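Visitor: One structure, pasted below without further comment.
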């Protein structure tokens, strides 16, 4: 908002409320909490986007939880750069800060340069983002340094970690209480490193169907490899004989659950059972503290000939650790585990790699990953993707396009 627009707005308010704007001047319509607030469409990674009918209660439950569990204060600075049409951005970059009385700066468009400039100038107290942003910083800027032989020497390693911590802290503005990651899986290698240097980050879990929050925990008590603790407005169960150790579908119900899918009774009935449990489609476990650990999506899971489960997301994370790989997608093609790789264009350019060089390095990356896998999970076929994968607004690959 420009200074001229702000000045004009103040002039209108001053003229209309000559004695100042008082609380008695504000009158809001009484809206039932269980009434429809809006229809938010899912990202459509499987090919069919559904209209999620959210109530006022759903969004209010998210805001209420945030106000009691995330330490924002009136006047704190927030930089909003997530898509506000997505419920993650709407709830936590907009509604929660507004309800708390924060100062929100909206990024007019999302570019790396503009984001870094915004973080440096605004110095936000809370940063909501997707894992991809942090992963790119780690693999492009930090990992090349950490892989140097001298970086593993005693004393040097600890000093390097301190320097990296200060650099990362400054990159994100230096004033944040926590970096909250959500909307996609977080790379295990990146997470392990950030935990090692005690960086202030945490990972949450949510779905559009819950507006969106399902689980979260503050960074200082965050359990590694998890996606936080089930929030107090919900209850969850794992469809498994041993929920703490054997993966099963995560089922959730409670205050912030959707009414159903707009004009799609079949999809609603297929997702919400007769007892009111919403079947998330995510496979995972939950410990005695209600902390959730996700393994992958039910629909993505690959079933071996002897009944063994392979989670493509885990293989993709391992492949993405290699310099040559920008993005990886693992799926089943004619009964064979196939990896589709999009080579990192910057890495290819900087190292002057030809097509045969790219093929060689990609195959070597797959070979190294396969060494760490059981026989039933090994990648059999490798395809190199010429163009970047088609993705949703939250940077998830539209898997259905590559079957």
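Read the figures in this text as sums done on the coordinates, not as results from a lab. Just so we're clear, the structure is a prediction, and the values are computed from it rather than from any experiment. Cβ placement follows ideal geometry from the backbone for every residue including glycine, while neighbour counts extend to all protein chains displayed.
Visitor: Can you give the convex hull volume of the alpha carbon atoms of region 206-248 per residue, in Å³? Don't skip to the answer; put the middle values down first.
Guide: On the way: hull volume 4.2 nm³, N = 43.
Roughly 97 Å³ of hull volume per residue.
Visitor: I would also like to ask the following. Let me make sure I get this right: for region 309-402, a, b and c are the square roots of the gyration tensor eigenvalues over alpha carbons, sorted descending. Under 1.5 in a/c it's rounded, otherwise prolate if a/b > b/c, else oblate. Which is it?
Guide: In terms of gyration-tensor shape, oblate.
Visitor: Taking only Cα atoms of region 293-359, what ratio of Rg to Rh do you get with Rh as the Kirkwood inverse-distance radius? Mind dumping the intermediate values first?
Guide: Working: Rg = 14.4 Å, Rh = 13.4 Å.
Rounded to two decimals, Rg/Rh equals 1.08.
Visitor: What's the long-distance tail for region 172-235, i.e. % of Cα pairs beyond 14 Å?
Guide: On the way: 1138 of 2016 pairs.
It works out to 56 percent of all Cα pairs.
Visitor: In terms of the Cα gyration tensor, with a ≥ b ≥ c the square roots of its eigenvalues, is region 33-208 rounded because a/c is under 1.5, prolate because a/b exceeds b/c, or oblate? Don't skip to the end; give the middle numbers.
Guide: On the way: a/c = 2.27, a/b = 1.74, b/c = 1.31.
It comes out prolate by the Cα gyration axes.
Visitor: If you don't mind, there's one more thing I want to ask. Please order 282, 266 by the number of other Cβ within 10 Å, starting at the fewest. Spell out each step's value before the answer.
Guide: On the way: 282 22, 266 8.
Placing the least packed residue first, the sequence is 266, 282.
Visitor: For region 109-136 and region 195-243, what is the separation of their Cα centres, given in Å?
Guide: If we compute the Cα centre of each part, the gap is 22 Å.
Visitor: Would region 197-323 count as rounded, prolate or oblate if I go by the C-alpha gyration tensor, calling it rounded below 1.5 in a/c and otherwise prolate when a/b exceeds b/c, oblate otherwise? Kindly include the intermediate steps, with their values, before the conclusion.
Guide: On the way: a/c = 1.66, a/b = 1.17, b/c = 1.42.
Oblate.
Visitor: Ranking 251, 227 by Cβ neighbours within 10 Å, fewest first, what do you get? Provide the component values of the computation, followed by the final result.
Guide: Values: 251 19, 227 26.
Arranged by neighbour count, lowest to highest, 251, 227 become 251, 227.
Visitor: Helix-only estimate, please: 222 nm mean residue ellipticity of the chain, summing -39500 (n - 2.57) across DSSP H runs of length 4 or more and dividing by its residues, to the nearest 500. Don't skip to the end; give the middle numbers.
Guide: Values: 12 runs with 118 residues, N = 403.
Calculated at 222 nm, the ellipticity per residue is -8500 deg cm²/dmol.
Visitor: Among 286, 258, rank each residue by its count of other Cβ atoms within 10 Å, from fewest to most, as a rough exposure measure. If you can, show how the numbers build up before the last one.
Guide: Values: 286 21, 258 25.
Starting with the residue having the fewest Cβ neighbours, the order is 286, 258.
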